[in-house]
Amino acid sequence: MKPIQLTLATVLLTAAFNFAIARAAPRVEAALAVTPSPAQDPSLAAASGNALGIELYLRLIQNSPNESLFISPYSIDAALAMVYPGTAGNTAEELRKGLHVKESPAAFTKSHAALAAVLASRAEHSATNANLDAGDRPFSLNVANALWGDRRVQFQPAFLSVLEREFKSPLRLFDTENLAKRASMVNKWADENTNHRISQVVSANDMRDVGLVIANAVYFSATWGTKFDKAETFDAPFSALNGSKTKVPMMHARREMSYAQIAGADVVDIPYKGNDLRFMVIVPASLSKFESSMNSRTLGDAQAALETCDIDLRLPKMKLQKTYALVDSLTALGVRDLFEARKADLSLMDTTLGKMRLTHVDKVVHKTFLEVDERGTEAAAITSARGNMFGGHDMDPKPYCFKKVNADMPFLFSIYDRPTGTMLFLGRFTQA
């Protein structure tokens, strides 16, 4: 038998699993099937993605300290969560720690299923799209998973069952040996599930010796609860993290918004129509100093401190498109064996009976797109603390306050689902 690899694509997370010589491992089809079914609790998956997202954010800015960044913690976590049921031994233990899984594997995968269902329900708010003005962004929150496999691999029935049942991702067998056509299948799916914002995820060369591709896509589009007036947008200087200054189109609004101050940073929380999805912007005096003290509780502390204020806000229009190779960052966070052919244990993913075996995850690719303007936000990704990140609650009435918040210097931002606390997107804007 020949070894092959797996590719993970998140927002797209693609995981490329390499082919390999068959391992002398026992068949374990029943290992997943006998696990009891716990109650579905979306907060488990939300906490996992939030914690992993902060860690990856801090790791990635070390590699590019002056650059803007934009990732989808939810997408990365979801793609890796689809790999998790197929791992065993130390590979599974490292991934469990990396994903911050504190419950059983069955509870974790079911939590992801519950969270995906909750997020899908956001798009069912027909009233959100019923009163749109001309040019408004219609509300859309699309979360999708996909699984493509080589027919020469004999996959574990229990693994396929978990992915189809919990992640709504049945196995699609590649019906061709042509690498360009295989890449086209994956890219077409990415294009369709990100509203054509991410259309090129893998190349024909990327598909060489790939036996399995796992992908998660997230697409979000929404109009602000109260739009910014285009007539108030003006060119203003922005001080980049490297010390340079450039002109940016600066949006302006003065109205009641949710505000907090943490660690010397101004926090403004802006709702989208429907009120479940929020855009949080954090403007510190020094972004680098603020990031040096960030942890999994930082954004949750900010959300908990929010109060209604009269806010005079200046916020740049933004457009970002990013690509990240995440294997090195995940390895630095302790997920190591999964990416090494001689160490990865994927024995719950395939059997010894196929012509080829999966050896390891070769690539984890994450692509994102963001556009923020006066109308609202459009964001897409392909890849991918329990109550500590964000917690939906009604704020008690506070005394009147007035604040001026000018995001004319590097700042951090997040798009999150308020009821579940799920951090869909996380980024920093450091240069125009």
Filtered GluC sites (Glu not before Pro), the range 146-242: DSSP coil and at most 11 other beta carbons within 10 Å: Glu177
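Fewest Cβ neighbours within 10 Å first, please rank Ile282, Ile214, Ile76 accordingly. Write out the running numbers ahead of the final one.
Details: Ile282 26, Ile214 33, Ile76 30.
By the 10 Å Cβ count, ascending, the order reads Ile282, Ile76, Ile214.
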Fewest-first sequence of Lys363, Lys227, Lys343 by Cβ atoms within 10 Å of each Cβ: Lys343, Lys227, Lys363
Centre separation in Å (Cα based) which lies between the range 42-77 and the range 228-265: 24
Separation of alpha-carbon centers, the range 173-196 and the range 281-346, rounded to whole Å: 30
Calculated FRET value between Glu93 and Ala325, using beta carbons and R₀ = 22 Å, to 0.05: 0.35
Förster radius 45 Å - calculated FRET efficiency between Ser140 and Lys289 (Cβ-Cβ, nearest 0.05): 0.75
Burial ordering of His366, His252, fewest other beta-carbon atoms within 10 Å first: His252, His366
Amide H partners (placed H, <5 Å) of Gly376, local residues excluded: Trp224
D_trans [Stokes-Einstein, Kirkwood Rh over alpha-carbon pairs] for the range 58-120, 20 °C, 1.002 mPa s, µm² s⁻¹: 161
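Values quoted throughout were computed directly from the atomic coordinates according to the rules given, and no laboratory measurement underlies them. Here the structure is a predicted model, which means the values were calculated and not measured. Cβ sites come from the backbone with ideal geometry, for glycine too, and all protein chains shown count toward neighbours.
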